[in-house]
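Everything below concerns the one structure shown next.
The values are calculated or read from the model by the stated rules, or taken from the named source; none is laboratory data. Everything quoted here is computed from the prediction, not taken from an experiment. No Cβ is skipped: glycine too gets one built from the backbone with ideal geometry, and neighbour counts run over all protein chains shown.
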Amino acid sequence: MSQYPTIAAGQRITGTLLQKMIPLWAVKPGPTSRASTTTLADDPDLQIELPRAGVWAFDVWLNYTGGTLGSSDLKLGMAFSGSTTFTVWGVNGINTSSTSQLQAGANTFAGTLVVGTSGGNFFTADIHGEMVATTTGTLSLQWAQSSSNATSTNLRQGCWLRAWQIA
């Protein structure tokens with residue numbers, strides 16, 4: 001089983017070494033609303049600066065509301081301002097045609113995935129992914145409405161993004 005970072009017997013434990021073991025977090029302190037837009041944009045709060053190249057795993061937990069099912073929905077994307085050689089991510093949430101079904105998918109940073117909204121009801125979605133960063137950069141959640149609608153789609157307070165280096 002691999003472990004990051006590798007610690008050799010007798011190795012001096014430094015602050016820098018300990019910092020590499022701690023996951024990086026971003027948490028939404030308040031809600032963000034978007035209406036009448038299908039253009040993906042970075043969430044103002046769910047962004048993490050990755051301080052070094054390497055293999056990174058990431059999770060996102062979202063608490064959201066929006067218009068009636070199929071009228072706006074929530075389009076999601078992940079972005080990285082640096083360069084990568086490999087990226088995969090997927091989302092679990094409600095389907096855009098039935099609130100009783102779960103949706104799962106996987107994509108690269110170039111693509112998007114959509115989860116449904118339902119008339120102001122609170123729903124959750126989670127994203128899991130992995131990337132090989134060849135440079136430093138900012139990892140961010142991007143989102144918009146899937147279909148432009150005057151009823152706001154909202155990411156609520158308490159949503160979070162977490163990233164940790166695994167190799």
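What's the total number of residues in the range 74-98 that are farther than 26 Å from THR138 by Cα and either loosely packed, with under 15 Cβ neighbours inside 10 Å or not β-branched (Val, Ile, Thr) (or both)?
3
Select the strands (runs of 3 or more DSSP E) contained entirely in the range 61-167, then report the ones holding at least 2 residues which are farther than 22 Å from LYS28 by Cα.
The strands (runs of 3 or more DSSP E) meeting that bar are 84-94, 102-107, 123-133.
Which one is modelled with the lowest pLDDT among residues in the range 19-41 that are assigned to a loop (DSSP other than H, G, I, E, B) and among the charged types (D, E, K, R)?
LYS20
Collect the residues in the range 55-75 that are hydroxyl-bearing (Ser, Thr, Tyr) and either more than 11 Å from ARG156 (Cβ to Cβ) or in contact with an Asp or Glu (Cβ under 7 Å, 6 or more places away or on another chain) (or both), keeping them in residue-number order. Please lay out each step first, then the result.
Restricting attention to the range 55-75, the residues satisfying the condition of being hydroxyl-bearing (Ser, Thr, Tyr) are 64-65, 68, 71-72.
Hits for the range 55-75 are THR68, SER71, SER72.
Any residue at all in the range 65-80 that is without any contact (Cβ under 8 Å) to a residue 24 or more places away in the chain, over 19 Å from ILE127 (Cα atoms) and among the hydroxyl-bearing types (Ser, Thr, Tyr)?
no
Sort through ALA35, ALA57, ALA79, ALA53 and tell me the only one that's over 18 Å from the mean Cα position of the chain (by Cα), under 30 Å from PRO5 (Cβ atoms) and of a type in the set (Gly, Ala, Ser).
ALA53
Within the range 120-138, work out how many residues are under 30 Å from GLY66 (Cβ atoms) and in contact (Cβ under 8 Å) with a residue 60 or more places away in the chain.
11
Among (1) more than 16 Å from the chain's Cα centre (by Cα); (2) touching a residue at least 24 places away in the same chain (Cβ under 8 Å), where does ASN95 come up short?
Failing condition for ASN95: (2).
Take the residues in the range 41-52 that are surrounded by fewer than 17 Cβ atoms within 10 Å (Cβ to Cβ) and either free of Cβ contacts under 8 Å to residues at least 60 places away in the same chain or of a type outside the set (Lys, Arg) (or both), then tell me which one is nearest to ARG156 (Cα to Cα).
PRO44
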